[in-house]
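Below is one structure, written out as structure tokens, with a few remarks after it.
Here, each number is a calculation from the coordinates, and none is a lab measurement. This one's a predicted model, so the numbers in the text were calculated from it and none came from an experiment. Please note: Cβ atoms are built from the backbone with ideal geometry, for glycine as well, and neighbour counts cover all protein chains shown.
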Amino acid sequence: MGLKRYIKRAVDSSNEILDSFPIKKKLYYLYIMCIIIPIVILDSVFLSNLANSEVKRQENEMANIAQAVQYNLTKTIDDAVFITKDYYLNEKISVFLNEQYSSPYVYFENFQKLKDNSIFDVSLVGRNATLKIYADNDSIIDGSEFGSLSMVENQKWCKYYQEHNRDLVVYPYVSYDRPEAPTRSICVIRRLNYYGGCEKIMKLNIDYSVIENALLNSKYAVPVYVCSGKTILYANRGNTSTSAEFGALSLKDLEDVGYTQSVSFYTQDWNIYVMRPQSSVISMLQNNISLILTMLALSIFVPILFMYSFNRSFTQRLGELSRHFSSIDKNGDTLKPIGSVRGKDEIADLMQDYNQMVRRINDLIQVVYKGKLKEQEADIARQNAEVLALQSQINPHFLFNALESIRMHSVLKHEEETAEMICKLSVMMRQSVDWGQDVVTVAEEVQFAEAYLQLQKYRFGEQLSYKISVAPECRNCYIPKLTIVTFTENACVHGIEGKSGPGWIFIEVSRSGDNVVLEVEDTGIGMPPDKLRALQESMQNASIRRLHQGGRVGVVNACFRLRAFTGGRACFQVESEEKVGCTVTIHLPVDCTRRRTYPSADSEETSG
């Protein structure tokens, strides 16, 4: 229920806000909310999805490039490692390297036998690789295939091998065998310790151009770099010379990396960097910017022209109708119809109905108002003379009918505030004049009190505010007529009227045990203690005699009738503080509020 109430209040508030907007603004807001914003949202979602799809496509493309490069690297390195395995398991080579030779002649004689009876050159055929084996054996004479380990101990690749102390390592480096032409190289270094003996290592140089050509021939659409740290080992854009030092990847290049693939080869951790391609979505937008702007113009500005035309069709005619309604109070004896009614829609029908209403009202004015004006003027003197004599004999229904006629006349003239005031006054007059039944329900009495307060608000304006609260179980309880209204009037006249600032009146009817509690509170000027004591005593001892003594006759009268209604069981309490306010609390037994009449005379316990 709370949620429904909250939703209803929210809907009512939004309707109130919308109702305050002119139709012209409403149509433009409707166009913005229902056309412009949906177009922007749909276009944004479409472009976002298109951009996301393009990003995913580019990521997949970059991943495929990285995987292809990784495959080429892995295959080349694995082929080189496979070659070294043949020599690792070759017992003849191991025996040859472990032998101590007495002379160079003996060494060359054994070397020739090894070449004739081994697979020394078979594994390298067609692989563009060079191989050399080094042994910790000083009797070996350095040549194209073998050499002494002591001769290469100070070279970079050998130091790298010794630092890592692994049986198999891969090392990229720049060879300075010919200082005038340094050469990039990647070597596989393997320890030949399968058959024991002296320290033996094999160095297989992979042809650098094998991997480089594979990368260049792939013709990838984006730059690709194979790096060890920031050192560029291979690239398909620049840095491709085989006879130069390795280049380094700049910070700007790192910012443009779109995809990274890591690959490890025997102590080497390399990264494959694929640069981010230019977005095809941006290129598409740039290439079709004129078409996009044209479509935006057609989808936004053309509808605005139609909206402007429709807007004029509504607002001009409604404005004309509003001006004629506004001129009703200024035209005096006759109303002016709308001269030219355009169109056949609902607004045109409304204008036709206005013209028909004007004709009928003008006819009524001619017949009722002007036709009898002189007769009414002649009767005024006689009626004024008879007023005093007839005041005590006026039929109350005549007064009510007259008030209703005045109210309806105010409604016709769109004097809504005057009509509302007359309506509230009529309710009050009917309630106060009709004494056929002196007992009413709490709901009826509260309705009368609210009518009185609403009428007083026309007098006090923002100076007066009120709140009425009635418990549901008390609405059908009976109390003497004008009970709550009397104390409400007292709060207005003696409390709020003398206050310079805004004030509140609170009316509450509740159930407390076996009593119905009536409470009227105001935030007016209050009263001093001596007046408070006098009022409390007058209320508690209300009687016919005290009514004739004057003072607050209305309050004493109400208390007297309440004591008579309850057989003297009603209790009254007044609390007040100067400049703070006053509170009147009345306790009535519940059993007394269930009857519609006063108790019989012999059961009353009223004081004299």
FRET E, pair Lys4, Ser469, Förster distance 25 Å, beta-carbon r, rounded to 0.05: 0.70
Amide proton proximity set for Asn236, modelled H, under 5 Å, gap of 5+: Val224
Amide H contacts of Ile206 (H built 1.01 Å from N, under 5 Å, at least 5 apart or other chain): Ile186, Cys187, Val188
Summed residue charge, Cβ within 9 Å of Tyr161's Cβ, Lys/Arg positive, Asp/Glu negative: +3
For Tyr466, distant residues with modelled amide H under 5 Å away: Ile505
Histogram of C-alpha separations across the range 60-275, 5 Å bin width, %: 1, 6, 14, 17, 17, 14, 11, 8, 5, 3, 2, 1, 0
Contact order normalised by residue count of the range 435-603, Cα under 8 Å, 6+ apart, percent: 24
Members of Lys26/Lys457; Lys113/Lys159; Lys156/Lys200 lying beyond 26 Å, as alpha-carbon distances in this model show: Lys26/Lys457; Lys113/Lys159
